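Here is the structure we will look at, set down as structure tokens.
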Amino acid sequence: MSACKSSLFAFLLSTIAVLLCNKNVSQVTAAEPKFVKEDRLVLQLVASDPDIVTPTGIAVDSQGRIWVIENHTHQRPSNYKGPATDRIRLLEDFEPKTGKAKKITTVYEGFKNSMGLAFSPEGRLFLATRAAILELVLSKEGNSVVEKKEILRLETKGDYPHNGLSGFAFDSVGHMIFGLGENLGENYSIVGSDGKKWNGGGEGGSVFRCKPDGSNLERVATGFWNPFAQAYDTAGHLFIVDNDPDARGPCRLVHVIDGGDYGYRFRYGRKGLHPFVCWNGELPGCLPMAAGTLEAPSGLLCYQHGLLPQDYYGKLFSTSWGDHVIEVFETKPKGSSFEATSRILVKGDENFRPVGIVQCPDGTLVFSDWVDKSYPVHGKGKIWRLAPKSESRFSPKIINDQTNNLVLKRLMNDEDKVVRELAAREMVKRGGADRDVVIKALSDKTRPRAATASLHALFSSTQKERTEILGAMLTNTPVQAEALRLLQFDPKLSEAMRPSLMPLLVAKPNPEVSREILAALTDNFDLLVALEESRSEDPFVRATVIDLLDRLMPMPQLESLVTSSTTAQDPKRLTAALVAFQRKLAKGAETQADLSALLTHADPVVRQTLVRIIAEQKLSAYYPKLSDVLSVQPVTRELVETFVAAENWIAFKEPVMRNEFDASEGVIRYLEDTKYPENIRAQFLKLADPNAPKLKTATLVKWAGSSKPDIRLQAVKLLAIRQDHEAKAYFRTLYTDAQLSKDLRSWMALGLANANKPEDVGWLLNQSQSDISLEAVRSLQSLKLDTKQKASVLADLSKSTAKDVEYAEALVRFAKHQGLSEKVDGSVLEKVPGRPKAVTDQSGWEKILAGSGDPAAGERLFFHPNGPKCYSCHRVQGRGAMIGPELSQIGGALKREKLIESILQPSKEIAPLFTAWQITTVDGKSRLGLIISENFDSTVSIADGNGKIERIPKLDIEDRKASTKSLMPDGLEQLMTLKEFRDLIAYLESLK
């Protein structure tokens, strides 16, 4: 949020009127078609290329002028014609009716990889590049940069353009909040202006806080992927939008608390699927999201003005670069935190890529638009303004030492945060009765905005004024939680409050106040009472207790707590203590505690947490006993995966970054190890890769003979996907088994897809008239039949003519594959439904694919050799190829509409990691594939669309260039019946 250029007073003394026109800017056409889902609002095109290109960060000053980063260095192509460095462009003199800028000038340049731009509440301008945060000192006229000051720098080998420093928010007491992305797991140091450092690496992204001069650097929270933008809501809660780690998702809106851990660790792989990481609070001590967002959220603000309709006040606005929208989130309390629901306010086509968003002094919103889906800079760009359809604008509200105190009292509750905060501070400065008005406002529940403004005004004044907020901390006022939050910034006040906090906590106030009391504790003695809160069902309360234990409890005392028999009887308390114990170890603390008894603790979550500690902290004394965690029931899938991941991690003498978890190879050795009971080995079976070289068909056949249906089904699945001769031979032994379940027969039909023995044809034909008819017909289509067999098969299939639409489609497809299309009966053809003519007809496809599918059938289609062959490029839970994106969590990352679109139009959105390359060799041959590895000296390995890998000597390569086409082929919808398409979507939706 912007404020004044030199002081808050300047903001209110300035006019918000539009300035005169300057004709040195090329004509901007009327706004392109963009769908604003709100009759009361309109989009205005402020500026467009070539006047503004590839814009990222955006800010607005007190005069309503727009400052924009124009990025020219983001993955800059060699033939790019733009300026050599990034620059800041100043937009001013706006046309009253159209909103377009008539004057655009460059005010600063000479930097690179820049993303964030903001004015502080005092009017100071800050710029974030990936490697530094700069204060840009403006001239007296405020239209040029006369000095730059580096207030923070990032020291690291990482150089990816947009996963370094970014974003800005400013809290109520003047601190700057910024984010650091995952930095590809590289070690780093952030160095403040006072020399204070924060060192890290591999832990994922983090949110930091410092003074505006770069001093007093501290980390607020960690466990993010890329916390790209931050904003405070009307009550002082910090929210961020976080991009998602590769295969995990969705992107998320997160409520950030001090000491919070949000689960992600880059050291365990960029995909985010490792059992040591989580994304929505699945692991002890980690915190959930408030809501999922659409793809690539890049900007965030809390609207605090009165210009837009009142129902937008206090809502969070987020830009989605990947889904071409602006979302509006409404938050509501959930325990001591929040949950949120969203709706789309603005939706554009694929050439609408909103990035930064900011509120103007007049209450309109402006945002930058990258325009093109290309990550490299490309010479396109736009700036938009979101405004009411009416031409009304708010008049400036003048506040100075002559302003009437009755006016000031009214303005203390103004919709504009800048106005109300300034009004409250002016009243405090005047003292006497005016100051008493501010103090009284703290408890006024009818004017919550005035209460918050009064709190901030008193806290920002003298120490004497701060003591006036003690009552707000101890009573049920609108600002009680925020008042307690401010204690961390005043040690003297914290000490004075300490005797009052514990009785208040015992009195059980509302959840948020309880958590803020816990966060404000500073004495080790209080921890014994605070520990009672570790049993809370509220993850934010538990996380605060863990943070307290980590910060305040000495290691010997924490060791005693972890190993206490009393604690052992309380799994929630024990788990909280273990997480705090792990954090101390991670910071270098040493331990003499004996944790052996916990290896066989009755609670699987306790054992799971302990396994992570042993592996991550290299507690080698426990390595030989690690399997003891599987000797006690219950044994969950999560515990088994954590155990396998721990052994995999331990296997590295020096664990490396980006160690993607793949249990499929590691579990093979456990299947035959009889020290594990059969039900535990069955868990390992569910993690196995059917094509793992060390996994023998004979081993699977043995498991397929189990008397337990679940184990038998898992083994048959693996055999069917395996598609080898031994597996098919085993299935033939089961032809006459009348006890086969539908699921077993369906997977057997898949396993016989490439068989061609007469008995296989006969068995599949028999199934074609049963309750797995569609599975049988799909497998029959690939068989190599002679003319007589083809006619016979078609006749047999036609006997059960199109019982329904789905069977008719499958029958027609079989005939087409066998060259018998002209033989299909007309009555069958009549039942085949029509389809949208174009893959771009998204609404048409969504309509025809509406309804529920069968996820189990969709799983078989995913792994079937007759169909779209998803498995040849994509991996799900350890099964499939690693050519395209991992899909194990795709159902949580993408909505149904996006899943359908990605299959119909695979080239519409391509992440840089999965860009296909056209490689031409000296012999004139051309290959299209994904580069999966590149040896520095000798070879490049590429994988084609079928998953086939080829190694090409570098000396043989004549040319290589990025393709605009996805490696995922077009026309996949033609390989599926509508039922199959629906089933596949249902399966993908189930992967969460």
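Under 7 Å between Cβ atoms, at least 6 apart or on separate chains: pull out the pairs that start in the range 713-738 with a residue that is under 17 Å from SER779 (Cα atoms) and end on any residue that is among the polar types (S, T, N, Q) and part of a loop (DSSP other than H, G, I, E, B). Pairs found: ARG722/ASN691; GLN723/ASN754.
Kindly check whether there is at least one residue in the range 89-97 that is in a loop (DSSP other than H, G, I, E, B) and in contact with a His (Cβ under 8 Å, 6 or more places away or on another chain). Scanning the range 89-97, I find no residue that is in a loop (DSSP other than H, G, I, E, B) and in contact with a His (Cβ under 8 Å, 6 or more places away or on another chain), so the answer is no. For ALA753, the criteria (1) in contact with a helix residue (DSSP H, G or I) (Cβ under 7 Å, 6 or more places away or on another chain); (2) surrounded by fewer than 22 Cβ atoms within 10 Å (Cβ to Cβ); (3) part of a loop (DSSP other than H, G, I, E, B) hold in every case but one, which is (2).
Within the range 59-87, the residues that satisfy the criterion of being part of a strand (DSSP E or B) and farther than 22 Å from TYR160 by Cβ are ALA59, VAL60, ILE66, TRP67, VAL68. Across the range 490-521, the number of residues qualifying as crowded, with 17+ Cβ neighbours inside 10 Å and part of a helix (DSSP H, G or I) comes to 16. Taking the range 768-813 as the range and being under 22 Å from MET748 (Cβ atoms), in a helix (DSSP H, G or I), at pLDDT 80 or above and not hydrophobic (A, V, I, L, M, F, W, C) as the test, the residues that pass are SER768, SER773, GLU775, ARG778, SER779, GLU806, TYR807, ARG813. Summed over the range 89-120, the residues that are under 29 Å from the mean Cα position of the chain (by Cα) and on the phi < 0 side of the Ramachandran plot give a count of 9.
Output the residue which, of all residues in the range 462-479 that are under 17 Å from GLU512 (Cβ atoms) and either among the polar types (S, T, N, Q) or at pLDDT below 85 (or both), is surrounded by the fewest Cβ atoms within 10 Å (Cβ to Cβ). Within the range 462-479, the match that is surrounded by the fewest Cβ atoms within 10 Å (Cβ to Cβ) is ASN476. So, in the range 537-579, of the ones that are in contact with an Asp or Glu (Cβ under 7 Å, 6 or more places away or on another chain), free of Cβ contacts under 8 Å to residues at least 60 places away in the same chain and over 15 Å from VAL605 (Cβ atoms), which residue ends up surrounded by the fewest Cβ atoms within 10 Å (Cβ to Cβ)? Residue satisfying both the conditions and the ranking: THR563. Only one residue in LYS702, LYS675, LYS708 is basic (Lys, Arg), more than 28 Å from ASP760 (Cβ to Cβ) and more than 34 Å from the chain's Cα centre (by Cα). Which one? LYS675 is the lone residue from the list that is basic (Lys, Arg), more than 28 Å from ASP760 (Cβ to Cβ) and more than 34 Å from the chain's Cα centre (by Cα).
Give the range 323-337 a look and list any residue that's crowded, with 21+ Cβ neighbours inside 10 Å and over 19 Å from GLU415 (Cα atoms), or say none. Correct list: ASP323, HIS324, VAL325, ILE326, GLU327, SER336, SER337. Considering only residues that are charged (D, E, K, R) and either out of contact with any helix residue (DSSP H, G or I) (no Cβ under 7 Å at 6 or more places or on another chain) or not in a loop (DSSP other than H, G, I, E, B) (or both), which ones fall in the range 827-854? GLU830, LYS831, LYS837, ASP841, GLU846, LYS847 - these are the residues of the range 827-854 that are charged (D, E, K, R) and either out of contact with any helix residue (DSSP H, G or I) (no Cβ under 7 Å at 6 or more places or on another chain) or not in a loop (DSSP other than H, G, I, E, B) (or both). Where residues in the range 321-341 are touching a residue at least 60 places away in the same chain (Cβ under 8 Å) and among the hydroxyl-bearing types (Ser, Thr, Tyr), which of them is nearest to LEU894 (Cα to Cα)? Taking the candidates together, the pick is THR331.
Note on the range 341-357: among residues that are among the aliphatic types (A, V, I, L, M) and surrounded by fewer than 24 Cβ atoms within 10 Å (Cβ to Cβ), the one that is nearest to GLN905 (Cα to Cα) is ILE344.
When you scan the range 319-342, how many residues do you find that are more than 18 Å from ASP233 (Cα to Cα) and assigned to a strand (DSSP E or B)? Of the residues in that region, 2 qualify.
Scanning the range 522-567 for residues that are acidic (Asp, Glu) and assigned to a helix (DSSP H, G or I) turns up ASP526, GLU532, GLU533, ASP547, ASP550, GLU559.
Against the list (1) surrounded by 22 or more Cβ atoms within 10 Å (Cβ to Cβ); (2) touching an Asp or Glu at 6+ places or on another chain (Cβ under 9 Å); (3) free of Cβ contacts under 8 Å to residues at least 60 places away in the same chain; (4) closer than 19 Å to HIS817 by Cβ, the condition VAL793 fails is (2).
Summed over the range 155-185, the residues that are among the hydrophobic types (A, V, I, L, M, F, W, C) and in contact with a helix residue (DSSP H, G or I) (Cβ under 8 Å, 6 or more places away or on another chain) give a count of 2.
The residues of the range 189-236 that are under 15 Å from the mean Cα position of the chain (by Cα), touching a residue at least 60 places away in the same chain (Cβ under 8 Å) and not in a strand (DSSP E or B) amount to a single one, GLY204.
The values are calculated or read from the model by the stated rules, or taken from the named source; none is laboratory data. Computed from a prediction, not measured in an experiment: that's the story for all the values here. Because the Cβ atoms are built from the backbone with ideal geometry, glycine has one as well, and the counts that use them run over all protein chains shown.
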